[in-house]
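Here the structure is laid out as structure tokens; the discussion comes afterwards.
The values are calculated or read from the model by the stated rules, or taken from the named source; none is laboratory data. Treat the numbers as computed from the prediction; the structure is a model and nothing was measured. In this analysis, Cβ positions are derived from the backbone assuming ideal geometry, glycine residues included, and neighbour counts consider all displayed protein chains.
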Amino acid sequence: MNAGLPILRLGDILLSGLMNDLDDKTALAFTDELTTRIANEGIRGVIIDISRLEIIDSFVARVLMELAGTGRLLGTRMVVAGMRPAVALTLTELGLQLTGVRTALNAEQAMELLGWRRPTEVAEEAPHAS
Amino acid sequence: MLGTDDSQVRTVLARMLEEDRAALARDWAGQEPRDGDRSGQELRREAVALLDALRDALSGTLPVSRIADQDPAVRDALTSLSERRARAGAQPSATAMAILALKRTMLSAIERHTDDSALRYRAALLVNELLDSAGVLTFEVYCAGRERIIREQHSQMLELSTPVVRLWRHVLAVPLIGTLDSARTQVVMNSLLEAIQANEARVAIIDITGVPTVDTAVAHHLLQTVSAVRLMGAECVISGIRPSIAQTITQLGIDLSHIVTRGSLADALATAMQLLGDNGRPGAVTG
Amino acid sequence: MLPDERTGHGHDVPSREHPVRVEEDLLAARHAVRAAAVAAGFSIVDQTKIVTAASELVRNAYIHGGGGTMTVGVARNPAGRLGIRLRVRDEGPGIADVDQAMTDGFSTGAGLGHGLGGTRRLVDDFHLDTAPGRGTTVTVVRWKR
């Protein structure tokens with residue numbers, strides 16, 4: 001079943017993102033689709049961008065943790081990227097730590113975590129304008 | 001309850017407030033101790049506003065016990081009276097006493113108004129009920145005002161006392177000073193997480209040199225902060241653990257083993273640079 | 001756990017009731033709570049906490065209670081502080097062991113095994129009214145910071 005969420009493939013990495021108004025059916029369909037592709041396409045890493053999620057409740061948390069667990073069994077590293085500060089605060093207060101889920105600040109850092117290198121590594125050492 | 005007689009007493013009282021309005025206001029304001037910044041004129045204006053509101057409310061149908069709390073005009077008059085006095089530095093007991101003084105004023109007016117002792121008695125009961133709840137309301141308003149001021153000052157203080165500083169590219173630090181309760185933890189976490197996002201920070205150092213003691217509650221709050229930082233995708237280092245605090249943590253059996261801890265801020269920065277330099281960094285495994 | 005007297009003080013804006021019958025209602029309920037929190041001037045963090053609490057409670061009513069209703073209202077305490085009050089009611093089997101349901105790591109349904117303990121930490125006032133066979137009503141308030 002297709003969840004209607006785009007899943008991009010970059011080499012042996014799958015890149016996808018969750019939408020804010022994620023309903024249960026879509027979340028479960030997404031899990032199924034991702035799992036199938038991981039198994040069939042020899043995927044080494046999966047990045048799920050969650051920067052658009054305005055809340056994560058225990059249901060979505062469980063979906064993410066199960067995906068990470070399944071991915072690990074299939075030999076894939078999964079990274080959840082871009083959690084918003086308010087969401088991280090709320091999840092912590094709720095007592096959910098997304099045990100076993102690898103996190104990154106954004107999709108770019110998640111790519112780095114999975115072994116991709118930016119071509120502009122030199123420029124990065126320049127003083128940061130902020 | 002006095003049943004149908006109640007409406008008769010209310011009518012009498014409302015008429016009395018109408019006819020003796022000026023005298024009542026003068027009499028009541030006259031009982032107030034004067035101080036410099038509150039003229040007698042101002043007191044009389046305040047008195048007239050309250051007496052008019054009470055008169056209208058008594059002419060209405062709202063039960064006496066609910067007038068002070070629920071009649072908008074009476075509530076407003078009492079609220080502004082209480083707030084103005086609070087601003088002028090009056091004690092809440094002084095404001096409540098002023099309402100009780102109005103009771104005396106009204107009771108003696110009732111005596112002047114009627115010779116019917118049964119009516120006097122019922123009117124006295126009604127005035128008591130009405131003004132007792134009014135006194136309670138002024139006290140509540142006073143406390144609410146205080147609570148609001150305390151809350152505002154508290155949150156200002158919290159924000160002032162939690163600066164997040166950027167030590168290096170991708171490295172932030174929060175020096176914590178004072179104790180770490182749950183409200184403070186929320187503020188620290190909030191500013192730290194926002195700064196992590198804004199600076200794309202990969203390592204956050206929490207320096208607890210200025211935290212006097214670490215008990216189980218403080219440790220819990222530190223662990224919470226570390227969890228939230230990791231959810232964001234950054235790593236957390238806790239620095240400034242003095243020997244005595246290290247001992248306490250061990251004695252209390254608090255497990256900080258899965259958290260990177262360092263003695264000094266300098267050590268923590270060195271560790272942060274190492275974490276940044278490692279291949280496979282950034283990123284964190286939560287839990 | 002405050003009883004309803006204080007949280008239901010007499011100066012409230014009328015509440016609105018939302019059905020929790022089908023899965024789509026879960027999202028609609030979240031949107032309603034978000035709108036109320038924005039209207040009350042909640043910060044992003046406070047909005048996120050009350051919407052997450054609503055999501056947990058409404059999902060509980062949907063899964064364990066076989067559906068119910070959620071009421072969203074604005075609360076105001078005697079000090080004039082604004083808050084959002086949620087009441088989520090279902091006519092399900094009710095909760096037999098309240099202490100157990102309040103403990104982290106307990107759930108009998110499709111949640112994460114978090115029961116109500118986590119939700120309670122997201123709000124300031126939490127009131128649970130339940131008994132076997134009588135359904136469950138959870139009333140929570142989060143005050144504006």
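Of the residues that make up region B:183-206, is at least one in contact with a helix residue (DSSP H, G or I) (Cβ under 7 Å, 6 or more places away or on another chain), modelled with pLDDT under 90, of a type in the set (Asp, Glu) and under 20 Å from C:Lys49 (Cβ atoms)? No, because not a single residue in region B:183-206 is in contact with a helix residue (DSSP H, G or I) (Cβ under 7 Å, 6 or more places away or on another chain), modelled with pLDDT under 90, of a type in the set (Asp, Glu) and under 20 Å from C:Lys49 (Cβ atoms).
Among the basic types (Lys, Arg), touching a residue at least 12 places away in the same chain (Cβ under 8 Å), in contact with a Leu (Cβ under 9 Å, 6 or more places away or on another chain) and within 14 Å of chain A (Cβ to nearest Cβ): does that describe B:Arg202? Yes, satisfied. Taking every residue in region A:93-111 that is more than 7 Å from chain B (Cβ to nearest Cβ) and pairing it with any residue that is part of a loop (DSSP other than H, G, I, E, B) and aliphatic (A, V, I, L, M), at least 6 positions away or on another chain, the pairs with Cβ-Cβ distances below 8 Å are A:Glu93/C:Leu122; A:Leu94/C:Leu122; A:Leu96/A:Ile56; A:Leu96/C:Leu112. Taken over region C:42-66, residues that are within 8 Å of chain A (Cβ to nearest Cβ), of a type outside the set (D, E, K, R) and under 10 Å from the mean Cα position of the chain (by Cα) amount to 3.
Tallying residues that are surrounded by fewer than 17 Cβ atoms within 10 Å (Cβ to Cβ) and either of a type in the set (Asp, Glu) or closer than 15 Å to B:Thr138 by Cα (or both) within region B:102-119 yields 3. Scanning region C:76-100 for residues that are in contact with a helix residue (DSSP H, G or I) (Cβ under 8 Å, 6 or more places away or on another chain), modelled with pLDDT under 90 and either over 30 Å from C:Gly41 (Cβ atoms) or surrounded by 21 or more Cβ atoms within 10 Å (Cβ to Cβ) (or both) yields a count of 2.
For region A:51-71, filtered to residues that are of a type in the set (Gly, Ala, Ser) and facing another protein chain (nearest Cβ under 8 Å), the residue that is surrounded by the most Cβ atoms within 10 Å (Cβ to Cβ) is A:Ser58.
Being within 14 Å of chain C (Cβ to nearest Cβ) and buried (at least 16 other Cβ atoms within 10 Å of the Cβ) is the filter here; which residues of region B:140-162 pass it? The answer is B:Glu140, B:Val141, B:Tyr142, B:Ala144, B:Gly145, B:Leu158. The single condition among (1) within 14 Å of chain C (Cβ to nearest Cβ); (2) exposed (fewer than 15 other Cβ atoms within 10 Å of the Cβ) that B:Leu78 does not satisfy is (2). Listed by first and then second residue, the pairs linking a residue in region B:205-224 that is touching a residue at least 24 places away in the same chain (Cβ under 8 Å) to a residue that is in a loop (DSSP other than H, G, I, E, B), with Cβ atoms under 6 Å apart and 6 or more places separating them unless they lie on different chains, are B:Asp207/B:Gly240; B:Ile208/B:Gly240; B:Thr209/B:Gly240; B:Val218/B:Leu180; B:Ala219/B:Ile254; B:His221/B:Leu180. Can you name the residue in region A:28-50 that is among the aliphatic types (A, V, I, L, M) and surrounded by fewer than 17 Cβ atoms within 10 Å (Cβ to Cβ) and, of all such residues, is nearest to C:Ala54 (Cα to Cα)? Here the answer is A:Leu28. Every test in (1) assigned to a helix (DSSP H, G or I); (2) within 11 Å of another protein chain (Cβ to nearest Cβ); (3) crowded, with 16+ Cβ neighbours inside 10 Å; (4) of a type in the set (A, V, I, L, M) is passed by B:Leu126 save one, and that test is (2). The residue of region A:72-83 that is nearest to B:Leu193 (Cα to Cα), among those that are surrounded by 22 or more Cβ atoms within 10 Å (Cβ to Cβ) and more than 7 Å from every other protein chain (Cβ to nearest Cβ), is A:Gly82.
Against the test of being at pLDDT 85 or above, farther than 30 Å from B:Glu140 by Cβ, touching an Asp or Glu at 6+ places or on another chain (Cβ under 9 Å) and in a helix (DSSP H, G or I), the options C:Arg134, C:Arg59 yield a single qualifying residue, C:Arg59. Scanning region A:84-130 for residues that are at pLDDT 85 or above and among the small types (Gly, Ala, Ser) gives A:Ala86, A:Ala88, A:Gly95, A:Gly100, A:Ala104, A:Ala107, A:Ala110, A:Gly115.
So which of B:Asp132, B:Asp115 ends up being modelled with pLDDT of 80 or more, in a helix (DSSP H, G or I) and among the acidic types (Asp, Glu)?
Numbers: B:Asp115 fails: in a helix (DSSP H, G or I).
The match here is B:Asp132.
For C:Ala79, are the conditions met, namely being closer than 26 Å to B:Gly145 by Cα and either of a type in the set (Gly, Ala, Ser) or over 14 Å from the mean Cα position of the chain (by Cα) (or both)? So C:Ala79 fits the description; yes.
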